[in-house]
1. Can you confirm whether the range 31-50 contains a residue that is over 20 Å from S77 (Cα atoms), open to solvent by 70 Å² or more (accessible area, probe 1.4 Å), free of Cβ contacts under 8 Å to residues at least 40 places away in the same chain and in a helix (DSSP H, G or I)?
2. Can you tell me which of A18, A28 is at pLDDT below 75 and not in a helix (DSSP H, G or I)?
3. Can we say F84 is among the aromatic types (F, W, Y) and in contact with a Phe, Trp or Tyr (Cβ under 9 Å, 6 or more places away or on another chain)?
Amino acid sequence: MRKIETDDPEKLEDGIRAVLSDKKRPCAPSVFTMDQIMRIIDLACGNPNDFGYEVSQWSLPLLVAEIKKQGIAEQISEKSVSRFLKMR
């Protein structure tokens with residue numbers, strides 16, 4: 001950085017950005033599509049009574065069961081559903 005500052009001060013900001021920028025990291029591909037996530041959030045915003053349940057609020061296990069029942073996802077964990085709901 002000192003060399004950039006001395007030799008070409010106009011490139012200093014670019015040099016700092018390059019040093020501080022986060023490199024892309026390999027990660028597992030997304031398992032759920034944005035459409036599935038939106039359908040899960042939409043379902044969670046609905047009333048469980050509308051789907052034949054005798055409760056006023058969704059529990060994670062009940063929501064997971066309904067997601068599978070509706071065919072939104074064949075397999076999904078409560079943790080994934082919780083993570084999607086925190087995205088709202």
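1. Quick first cut of the range 31-50, residues over 20 Å from S77 (Cα atoms) only: 47, 49-50.
Restricting the remaining residues to those that are open to solvent by 70 Å² or more (accessible area, probe 1.4 Å) gives 49-50.
Restricting the remaining residues to those that are free of Cβ contacts under 8 Å to residues at least 40 places away in the same chain gives 49-50.
Filter once more, keeping what is in a helix (DSSP H, G or I): 49-50.
Yes, because at least one residue in the range 31-50 is over 20 Å from S77 (Cα atoms), open to solvent by 70 Å² or more (accessible area, probe 1.4 Å), free of Cβ contacts under 8 Å to residues at least 40 places away in the same chain and in a helix (DSSP H, G or I).
2. Values: A18 fails: not in a helix (DSSP H, G or I).
Just a single option satisfies the conditions, and that option is A28.
3. Working: among the aromatic types (F, W, Y): yes; in contact with a Phe, Trp or Tyr (Cβ under 9 Å, 6 or more places away or on another chain): yes.
Criteria met by F84.
The values are calculated or read from the model by the stated rules, or taken from the named source; none is laboratory data. Note that the coordinates shown come from a computational prediction; the quantities given were computed from them, not determined experimentally. Every residue, glycine as well, gets a Cβ built from its backbone with ideal geometry; the counts of neighbours run over all protein chains shown. For the accessible areas, the whole protein counts, side chains as well, though only heavy atoms, and no ligand, DNA or RNA atoms are used. Shrake-Rupley method; radii C 1.70, N 1.55, O 1.52, S 1.80 Å.
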